[in-house]
1. Tell me which residues come under 5 Å, amide H to amide H, from Ala37 once H is placed; ignore anything under 5 positions away on its chain.
2. Compute the angle between helix 86-98 and the longest alpha-carbon principal axis of the chain, please, reported from 0 to 90 degrees and rounded to the nearest 10.
3. Hey, if we sort Arg5, Arg86, Arg128, Arg103 by accessible area with the 1.4 Å probe, largest down, what's the order?
4. Just the accessible area for Glu51, please: 1.4 Å probe, Å², rounded to the nearest 10?
5. Using heavy-atom solvent-accessible surface (probe 1.4 Å) with all chains present, what is the largest-first order of Met81, Met1?
6. Please arrange Tyr121, Tyr25 by accessible surface area, largest first, computed with a 1.4 Å probe and ligands excluded.
7. In degrees from 0 to 90, rounded to the nearest 10, what is the angle of the helix 18-29 Cα long axis to the longest principal axis of the chain?
8. So, taking all protein chains as they sit and a 1.4 Å probe, how much accessible area belongs to Asp17, in Å² rounded to tens?
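The values are calculated or read from the model by the stated rules, or taken from the named source; none is laboratory data. Keep in mind that this is a model prediction, so the values were computed, not measured. Note that we place each Cβ from the backbone using ideal geometry, even for glycine, and neighbour counts take in every protein chain shown. Just the protein is used for accessible areas: all its heavy atoms, side chains included, with ligands, DNA and RNA removed. Shrake-Rupley method; radii C 1.70, N 1.55, O 1.52, S 1.80 Å.
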Amino acid sequence: MELARPRLHHIALTVTDLDASVTWYEQVFGIAFLGDAPHPGGVGKILSDPERQLSFVLHRHDTNDGVSFLETRTGLDHVGMMVANRAELESWQSHLENHGVRRSAAADRPLTQSPIADEYYGSVLVFRDPDNIQLELVAPPANREVAPSS
């Protein structure tokens, strides 16, 4: 029997300021708080769009030492999400800026975004959340656009 390839269900991230991060992710991604997911030593906040196509669970852990994210440690490097085309990336640049994510030569600090990089595999917009977690929006090469997300 051949197994079906699983699809991504959610992205879970540990944050330092749960309330601020919930607000930021809701505003930036147009998703809403659905409910709490309590766990030993903390709580997760489930955020999603109505179709549950994009879901984040933001976690607070009582033992969190408050150190910002750094992708060079073992574990998460970054989260990459697909958009339809490069024009959509350009719209995201302004949207992010409207939500406090400053344009910069490199996305190397919290709430910064890089210029769009056009690579052989597609165009990439790198940005960082308030905890310095690296997020990327990727558009396929111009000759391979995908259907719009909404």
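1. Here the answer is Gly44, Lys45, Ile46, since their amide H atoms fall under 5 Å of that of Ala37.
2. 40 degrees
3. On the way: Arg5 210, Arg86 85, Arg128 10, Arg103 120 Å².
Sorted descending by solvent-accessible area, the residues read Arg5, Arg103, Arg86, Arg128.
4. 120 Å²
5. If we order Met81, Met1 from most to least accessible, we get Met1, Met81.
6. Values: Tyr121 120, Tyr25 0 Å².
Ranked list, largest accessible area first: Tyr121, Tyr25.
7. For helix 18-29, the angle is close to 20 degrees.
8. The value for Asp17 is about 80 Å².
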